[in-house]
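Chemist: Okay, here's the structure, questions in a sec.
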Amino acid sequence: MKRRQLLMHMAAAIPAIGLSRYAYAASAVMDVGREPMATGPFSPSWDSLAEYKTPDWFRNAKFGIWAHWGPQCEPEFGDWYAREMYIEGSDAYNYHVKKYGHPSVFGFKDVIHQWKAEQWDPERLVALYKKAGAKYFVAMANHHDNFDLYNSKYQPEWNSTRIGPKKDLIKEWSKAARKNGLPFGVSVHATHAWSWFEVAQKADKKGALAGVPYDGVQTRADGKGKWWEGRDPQALYAQNHPLSKNSDNGGEIHKQWDWGGGVSVPDQAYCEKFYNRTVELINTYDPQLVYFDDTALPLSQVSDVGVRIAAHMYNRSIARKGKLEAVINGKVLDAQQRKTMVWDIERGQSNAIEPLPWQTCTCIGSWHYDRRVYDNKGYKSGKTVVHTLIDVVSKNGNLLLNVPVRGNGTIDEQELAIVEEIGRWMAVNGEGIYDTRPWSVFGEGPVMEAPAPIAAQGFNEGKNKPYTAADIRFTAKKGAVYAFVMGWPEDGKVSIKSMGAGGAHLKKAVTRVELVGRKAALAFKQTAEGLQVTLPGDQPALAYAFALKIA
């Protein structure tokens, strides 16, 4: 048996379930995929990946902006549209039937075909985000809808260069980021198409089309004479497999996200295709950051492709740059896994200073553009974003903020106003954000007294009481401590208990206090009870959060 055939045979022999989370029998099968792995100090095992150290560029950046943009933005009806349009009676299903027709006739593949992104100007958007204070930019490379937004030879029939916009979106985003001097990242979500799209196999249970299958069961042969002739819908929907347990329950997928709970387990071919698509993405577009929308690494509960991708990215970074500059984001990490990559908390925040760098990802609206949010003026305010950023940075984290992009490739005027407001605030107060590290405590005040716990991927956002002028967060840099006050006090005075004379946190007496953005010294008094600062009579603009620089 030839070596490649032997390796394929060995790979197929690895049980799909029951692989150790910490050590795979990976060394024997690491080159099964057509895309070769870069060699270097990292091998595809959790123990080896635990030698990872987060690069300084990421630790110093603190704030990134994300374009979570793809064909699901074309209907402008919110996140997970490509799944929920196949759930009979859901809002997305009802909207889809009214706008496009029944999903047995007009499925998600047809939504992709209609998506043109005709007003997209990546250079203008990335320049706007840089002006807003972003220090890195991330673009979605694919979602659970399994559609690649780049020129993918492993997904040749279903990528944005062939249908929809007929452009290499990742290439253009990458060029725009680099033109603006921003590290470029990509987000990868396609692992879950296997189970996420199972609803596309189903049919209505009632009505005139009861029992007529949705288009998720179609094959290449069904395309004769149609716009998609010659393409195989199964390469998009990935539905040539048995259904998962309780797949009639639209919410069951959340219980099966970690590839357990009766989920249909992806086969080896699916896992290897994902490996090839992702390594090709890394090799072609050279992202410094890859965000995986997975528990730990992709498919890590059923395959070794995730650790292989991580080892490849780290080794490739060292080979190309002379040192490790790569960042990988993953979710719901255990203690060892947090050493191997940067932990991402979705729509939520840690409640402590984390010993290792981490990231919050959130959005000012829905992950995919939703016109209803616009119509209802439901976006997060600039104030909310700024408060979140300060809190996250005080705890050793970064904020990655999605600004939803419309199907046509633009952002609306409400979003533009929010982004520009963030930029105005950062232009004044960024000194206390960028390049900082946590102080000995992250803060004080009412909000931290009863914090909402993290649930699953995060999801404690918005569950705490609102910040007030009594809430303070700290950062530190070059011998100074920055105290961010989350509102302008009515009496014009700030009292900081953590900076009391002789306390546990300050080794020396305070010698000077400034309002960041102004060079004049402020009057203060330091006692055992705390540091009392008298603010100037005129409030700065956007005084819902301001920084005191304390020497």
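Chemist: Would you be able to tell me the number of residues in segment 317-350 that are farther than 16 Å from residue 186 by Cα and in a helix (DSSP H, G or I)?
Modeler: Within segment 317-350, residues that are farther than 16 Å from residue 186 by Cα and in a helix (DSSP H, G or I) number 7.
Chemist: Here is a check on your reading of the model: is residue 274 among the aromatic types (Phe, Trp, Tyr), more than 26 Å from residue 135 (Cα to Cα) and buried (at least 19 other Cβ atoms within 10 Å of the Cβ)?
Modeler: Yes; evaluated as a whole, the condition is true for this residue.
Chemist: Do you know which of the residues in segment 143-180 that are among the polar types (S, T, N, Q) and part of a loop (DSSP other than H, G, I, E, B) is farthest from residue 81 (Cα to Cα)?
Modeler: Taking segment 143-180 first, the residues among the polar types (S, T, N, Q) are 146, 151-152, 155, 159-161, 174, 180.
Still in the list and also part of a loop (DSSP other than H, G, I, E, B): 146, 151-152, 155, 160-161, 180.
On the way: 146: 13, 151: 23, 152: 23, 155: 21, 160: 18, 161: 22, 180: 32 Å.
Only one residue tops the list, namely 180.
Chemist: Ok, one more. Output the residues belonging to segment 175-188 that are over 13 Å from residue 125 (Cβ atoms) and either touching a helix residue (DSSP H, G or I) at 6+ places or on another chain (Cβ under 8 Å) or surrounded by 22 or more Cβ atoms within 10 Å (Cβ to Cβ) (or both).
Modeler: 181, 183, 184, 185, 186, 187, 188, listed by residue number.
Chemist: For segment 384-391, state whether one or more residues are charged (D, E, K, R), touching a residue at least 12 places away in the same chain (Cβ under 8 Å) and surrounded by 21 or more Cβ atoms within 10 Å (Cβ to Cβ).
Modeler: yes
Chemist: When you scan segment 91-105, how many residues do you find that are in contact (Cβ under 8 Å) with a residue 60 or more places away in the chain and touching a His at 6+ places or on another chain (Cβ under 9 Å)?
Modeler: Residues that pass the stated criteria total 2.
Chemist: Does residue 133 satisfy the condition of being touching a Phe, Trp or Tyr at 6+ places or on another chain (Cβ under 8 Å), modelled with pLDDT of 95 or more and at positive phi?
Modeler: Details: touching a Phe, Trp or Tyr at 6+ places or on another chain (Cβ under 8 Å): yes; modelled with pLDDT of 95 or more: yes; at positive phi: yes.
Taking the combined requirement at face value, the residue satisfies it.
Chemist: Taking helices (runs of 4 or more DSSP H) that fall entirely within segment 207-286, which contain at least 3 residues that are of a type in the set (Val, Ile, Thr) and assigned by TED's automatic domain parsing to the domain that holds residue 160?
Modeler: Hits in segment 207-286: 268-285.
Chemist: Tell me whether segment 455-466 contains one or more residues that are over 18 Å from residue 389 (Cβ atoms) and of a type in the set (Gly, Ala, Ser).
Modeler: yes
Chemist: Do you know which residues across segment 443-498 are surrounded by fewer than 20 Cβ atoms within 10 Å (Cβ to Cβ), of a type in the set (Lys, Arg) and under 21 Å from residue 529 (Cα atoms)?
Modeler: The answer is 493, 497.
Chemist: If the Cβ limit is 6 Å and pairs must be 6+ apart or interchain, which residue in segment 168-180 that is more than 14 Å from residue 286 (Cβ to Cβ) pairs with which residue that is assigned to a helix (DSSP H, G or I)?
Modeler: 172/122; 176/122; 176/123; 176/126; 180/126; 180/127; 180/130
Chemist: Do you know which of the residues in segment 521-542 that are β-branched (Val, Ile, Thr) and in contact with a strand residue (DSSP E or B) (Cβ under 7 Å, 6 or more places away or on another chain) is surrounded by the most Cβ atoms within 10 Å (Cβ to Cβ)? Please lay out each step first, then the result.
Modeler: As a first pass, look at segment 521-542 and keep what is β-branched (Val, Ile, Thr): 527, 533-534.
From what's left, in contact with a strand residue (DSSP E or B) (Cβ under 7 Å, 6 or more places away or on another chain): 533-534.
Numbers: 533: 25, 534: 14.
The extreme case among them is 533.
Chemist: Right, something else. Restricting to segment 197-206, name every residue that is more than 22 Å from residue 164 (Cβ to Cβ) and assigned to a helix (DSSP H, G or I).
Modeler: 198, 201
Chemist: Report the residue count in segment 446-474 for those that are charged (D, E, K, R), within 23 Å of residue 527 (Cβ to Cβ) and part of a loop (DSSP other than H, G, I, E, B).
Modeler: Residues meeting the conditions: 1.
Chemist: Additional query: Kindly indicate which of 141, 127 is in the same structural domain as residue 276 (by TED's automatic domain parsing), farther than 30 Å from residue 438 by Cβ and surrounded by fewer than 18 Cβ atoms within 10 Å (Cβ to Cβ).
Modeler: Details: 141 fails: surrounded by fewer than 18 Cβ atoms within 10 Å (Cβ to Cβ).
Just a single option satisfies the conditions, and that option is 127.
Chemist: Within segment 432-442, how many residues are under 25 Å from the mean Cα position of the chain (by Cα) and surrounded by 15 or more Cβ atoms within 10 Å (Cβ to Cβ)?
Modeler: Number of matching residues: 7.
Chemist: Need the failing condition index for residue 348 against (1) modelled with pLDDT under 95; (2) touching a helix residue (DSSP H, G or I) at 6+ places or on another chain (Cβ under 9 Å), just the number.
Modeler: Residue 348 satisfies all of (1) modelled with pLDDT under 95; (2) touching a helix residue (DSSP H, G or I) at 6+ places or on another chain (Cβ under 9 Å) except (2).
Chemist: For residues in segment 454-467 being in contact with a helix residue (DSSP H, G or I) (Cβ under 7 Å, 6 or more places away or on another chain) and at pLDDT 85 or above, which is farthest from residue 381 (Cα to Cα)?
Modeler: Checked segment 454-467; the qualifying residue farthest from residue 381 (Cα to Cα) is 465.
The values are calculated or read from the model by the stated rules, or taken from the named source; none is laboratory data. As the structure is a computational prediction, the values presented were derived from the model and not from experiment. Glycine gets a Cβ as well: all are built from the backbone with ideal geometry, and neighbour counts include every protein chain shown.
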